[in-house]
Each structure stands twice: as structure tokens, then as C-alpha cells.
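Student: Below is one structure. I have some questions about it.
The values are calculated or read from the model by the stated rules, or taken from the named source; none is laboratory data. Note that the structure is predicted; figures quoted are calculated from it, not measured. Every residue, glycine among them, receives a Cβ derived from its backbone with ideal geometry; neighbour counts consider all protein chains shown.
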Amino acid sequence: MEYRHLGSSGLRVSALSLGAWITYGGQVGEEAAAECMRAAYDSGVNFFDNAEAYDAGNAERVMGKVIKKFQWKRSDLVISTKIFWGGNGPNDRGLSRKHIMEAIDASLRRLKLDYVDLVFCHRPDYHTPIEETVWAMDTLIKQGKAFYWGTSEWSAEQIMNAYGVARREHLVPPQMEQPEYNLFHRDRVEREYVPLYTGIGLGTTIWSPLASGLLTGKYNDGLPDGSRLSLDNYKWLRDTVLGDKAHERIHKVKMLKPVAEELGCTLAQLALAWCLKNPNVSTVITGATNAEQVAENMKALEVERMLTDDRMDRIDRIFDNKPTPPADFR
């Protein structure tokens, strides 16, 4: 396993990590989740990602039970959760001080932990002053309930606003962002955030590296039975992934297959390796429903080493969506 610093912090996270989104408590049960986490841990994964919104908190309960079952040394783990959608009550969602403080306590109870290493603002809250959110995050860190805080799917401007408040008020600033990043979704990570990597030392814990399975090639010939997108309660995700541009995207995935064959790897491993190649990616959050899938994903580390500049250029030509770098007027 390769370990990377989370931005400019001293914290090191495994380059490949394991997330609980959709699967834990929803698509798979506790036993399968335990097998996945054990396989990841045995492969050197130390970062496990979660959120209060995942299966209405059940994903955190499952992860907490697994950690307790295996009695892993707490200092060997980097555990995260995300706060925003906590329920249906008027103060159960968003980034108010009330919800943040109550949400972190609820997450810790479900995870059966004294603290999480990372806590994210799951989305920006346009109804709460940014000062209130930054002060609340600073408070929970100073209470020892988390070590670092960050954002998920925030714009560069929103992150800088939070950072500015923290610096002005002498508070703990945001350290990391959790954006979607894959071969179809590149602009924010490769263009918008570029000034933040060196400017404030931003780290990234990227999600959906396989574009919800599209980059694995399993949807090349239609929607297979038993897949996540075939489930009735994930129609919203199916519409997003296999929407208006599905034909065009699937065509590009098919064009990528010869590159994977040349490297002797799967499409999924190639897509993960491509994400790992970005030096501004601190960790790639993977998902899995069984231990075998975890083991296959881990092989992406070997594929990354084979991605030469020529091969990266070849992939760029296939997808034809490389963001234009910010202009340098000097």
C-alpha cells in the first residue's frame, strides 16, 4: 500500500480507501461489510469513509460493529463521517451549530468511537452563515471529537470563504475536500481547485472513481440484473448515470478497453489507477460488495505504475475532456 499525506497535513492516508456509501446497511449486510473491511485492512487500507446520511445512519452502525468485532487498534485507523442530512426535523439537516454538534455526537454513538479522524460538511449550506459553521467545526475539534475538518462538493470560492473566516478568527481551517472525480468528471479537481493545493494545502479524498460503475464496463450491453442501478430505490442514480449522454459515455468506455487489455488489467483497475495518477488526490475512495472485489481494486496500485505519459495521453484523447489549465498571464 502507498500512503499519502492529506494535503499539507501530517496525516497519512492509504492511497486507496474504502467507503460505505450505498452498500453498508443498504446493498450489503454486516457480514459482507466485515469481509470487505477485513480484506481492505489486510491490504493496508487505513482510511474508511462514512456519513450520517448513509442508509439513515445504519452504515455507521455497521462500520462501528465491524471495528469492534476485529478489535483493530484505533490509532491504525482513519475514520471519517460527513454531516448535513441527519433526518426530517427542522434542525436535522444543514450546517447550523445545533445540527453539527448534535450530529457528531450521534455519529460517534453509532460508530461506537470516542472520535473520528475526519469530519466533512457533506454539502454547502446556503441558509447558514459560514461563520457559524466554521465556529462549530472548530468547537468539535477542540472538544476532541474530530482531528481535521473539510468539505464535500464545495466550490473553490466557498472553501476559501471558510478558510478566510478561520484565519481571521484564529480557528481551525478546513483541510480537505471530498469531490467527485473520475474520467467523466474532471474539471473541479483538475482546474477549479488548482490554486488551493499549494495556496492552502488542500487535500482531496475523491469519490465515485468508477462513475457509479459505468467505467467498469458492466453497463456496456445494458442494465444487468442485480446491479446497483437496477434496484428500484436507486432510480435517481440510474437516471444520473444512464441518462441522456449514456450512449456517448459507453462508447468511450468501450474505446478504453484495448488500453486495459494492453496493461493486462480490468477497466475498473485502469479507472482507479488513472485517479491515483493525479498527485493532488490524497486517496481514492472505493466501494465493494464482497472481499474479492476489494482485492481486485487493490491491484490498481500496480496498474498506476504502468501508466506512462504516453498512455495517459492516449486516455485523454479517448475521453477528450481534459480541462484547460488556468491562464498564466506573466
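Student: For region 282-311, enumerate the residues that are farther than 28 Å from LEU11 by Cβ and either in contact with a Phe, Trp or Tyr (Cβ under 9 Å, 6 or more places away or on another chain) or in a loop (DSSP other than H, G, I, E, B) (or both).
Tutor: Of all residues in region 282-311, those farther than 28 Å from LEU11 by Cβ come to 289-290, 292, 306, 308-311.
Scanning region 282-311 gives THR289, ASN290, MET306, THR308.
Student: I need the full set of residues from region 141-167 which are under 16 Å from GLU52 (Cβ atoms), part of a loop (DSSP other than H, G, I, E, B) and of a type in the set (Gly, Ala, Ser), in order please. Even if it seems obvious, please write down each step before you answer.
Tutor: Initial filter on region 141-167 (under 16 Å from GLU52 (Cβ atoms)): 145-146, 149-153.
Imposing the further condition that a residue be part of a loop (DSSP other than H, G, I, E, B) reduces the set to 145, 152-153.
Result: SER152, single match.
Student: Can you name every residue in region 41-56 that is crowded, with 17+ Cβ neighbours inside 10 Å and in contact with a Ser or Thr (Cβ under 8 Å, 6 or more places away or on another chain)?
Tutor: Within region 41-56, VAL45, ASN46, PHE47, PHE48, ASP49, ASN50, ALA51, GLU52 meet the criteria.
Student: Another question about this same structure. For region 167-177, indicate whether the set of residues that are closer than 28 Å to PHE319 by Cα and either without any contact (Cβ under 8 Å) to a residue 24 or more places away in the chain or not charged (D, E, K, R) (or both) is non-empty.
Tutor: yes
Student: Moving on. Output the residues belonging to region 53-76 that are of a type in the set (S, T, N, Q) and part of a helix (DSSP H, G or I).
Tutor: Matches in region 53-76: ASN58, SER75.
Student: Residues in region 56-82 that are of a type in the set (D, E, K, R), more than 20 Å from THR205 (Cβ to Cβ) and touching a residue at least 24 places away in the same chain (Cβ under 8 Å): how many? Lay out the reasoning, then the answer.
Tutor: Of region 56-82, the ones of a type in the set (D, E, K, R) are 60-61, 65, 68-69, 73-74, 76, 82.
From what's left, more than 20 Å from THR205 (Cβ to Cβ): 61, 65, 68-69, 73.
Still in the running and touching a residue at least 24 places away in the same chain (Cβ under 8 Å): 61, 65, 68-69.
Number of matching residues: 4.
Student: Further question: How many residues does region 37-56 contain that are on the phi < 0 side of the Ramachandran plot and either of a type outside the set (A, V, I, L, M, F, W, C) or in contact with a Cys (Cβ under 9 Å, 6 or more places away or on another chain) (or both)?
Tutor: Step one: filter region 37-56 for residues on the phi < 0 side of the Ramachandran plot, giving 37-43, 45-54.
If we keep only those that are either of a type outside the set (A, V, I, L, M, F, W, C) or in contact with a Cys (Cβ under 9 Å, 6 or more places away or on another chain) (or both) as well, we get 38, 41-43, 46, 49-50, 52, 54.
Here the count works out to 9.
Student: Here's another thing I want to ask about it. I'd like to know if region 77-92 contains one or more residues that are on the phi < 0 side of the Ramachandran plot, surrounded by fewer than 21 Cβ atoms within 10 Å (Cβ to Cβ) and in a strand (DSSP E or B).
Tutor: yes
Student: Of everything in region 133-181, what is out of contact with any strand residue (DSSP E or B) (no Cβ under 8 Å at 6 or more places or on another chain) and either among the hydrophobic types (A, V, I, L, M, F, W, C) or within 18 Å of ILE206 (Cβ to Cβ) (or both)? Give them in sequence order.
Tutor: Matches in region 133-181: VAL134, TRP135, ALA136, SER155, ALA156, MET160, VAL165, ALA166, LEU171.
Student: When you go through LYS145, LYS218 one by one, which is the residue that is under 30 Å from PRO258 (Cα atoms) and either surrounded by fewer than 23 Cβ atoms within 10 Å (Cβ to Cβ) or of a type in the set (Val, Ile, Thr) (or both)?
Tutor: LYS218
Student: Further question on the same structure: Test of understanding: among SER212, SER282, SER208, which residue is surrounded by 14 or more Cβ atoms within 10 Å (Cβ to Cβ) and at pLDDT below 95?
Tutor: Going through SER212, SER282, SER208 in turn, just one is surrounded by 14 or more Cβ atoms within 10 Å (Cβ to Cβ) and at pLDDT below 95: SER212.
Student: Also: Of the residues in region 1-30, how many are among the aromatic types (Phe, Trp, Tyr) and either at pLDDT 95 or above or within 20 Å of TYR197 (Cβ to Cβ) (or both)?
Tutor: 1
Student: Turning to a different aspect of this structure: Out of all the residues in region 293-316, which are under 27 Å from SER80 (Cα atoms) and without any contact (Cβ under 8 Å) to a residue 40 or more places away in the chain?
Tutor: Selection gives GLU296, LYS299, GLU302, GLU304.
Student: In region 150-181, how many are hydrophobic (A, V, I, L, M, F, W, C) and under 26 Å from LEU210 (Cα atoms)?
Tutor: The total comes to 4.
Student: Out of (1) basic (Lys, Arg); (2) closer than 17 Å to TYR181 by Cβ; (3) under 19 Å from the mean Cα position of the chain (by Cα), the odd one out for LYS299 is which?
Tutor: In the conditions (1) basic (Lys, Arg); (2) closer than 17 Å to TYR181 by Cβ; (3) under 19 Å from the mean Cα position of the chain (by Cα), LYS299 misses (2) alone.
Student: Going through ASP138, ASP117, ASP125 one at a time, which residue ends up being part of a loop (DSSP other than H, G, I, E, B), buried (at least 17 other Cβ atoms within 10 Å of the Cβ) and at pLDDT 95 or above? Write out each step before concluding.
Tutor: On the way: ASP138 fails: part of a loop (DSSP other than H, G, I, E, B); ASP117 fails: part of a loop (DSSP other than H, G, I, E, B).
One residue alone meets the criteria, ASP125.
Student: What's the total number of residues in region 57-75 that are surrounded by 15 or more Cβ atoms within 10 Å (Cβ to Cβ) and at positive phi?
Tutor: Of the residues in region 57-75, 1 are surrounded by 15 or more Cβ atoms within 10 Å (Cβ to Cβ) and at positive phi.
Student: Please tell me if SER96 is touching a residue at least 40 places away in the same chain (Cβ under 8 Å) and over 22 Å from the mean Cα position of the chain (by Cα).
Tutor: Here the answer is yes, as SER96 does meet what is asked.
Student: Do you know which of the residues in region 188-218 that are aliphatic (A, V, I, L, M) and part of a loop (DSSP other than H, G, I, E, B) is farthest from the chain's Cα centre (by Cα)? Don't jump to the end; show me each part of the working.
Tutor: Of the residues in region 188-218, the ones aliphatic (A, V, I, L, M) are 189, 194, 196, 200, 202, 206, 210-211, 214-215.
Cutting the leftovers down to part of a loop (DSSP other than H, G, I, E, B) gives us 200, 202, 210-211.
Details: ILE200: 20, LEU202: 14, LEU210: 11, ALA211: 12 Å.
The selected residue is ILE200.
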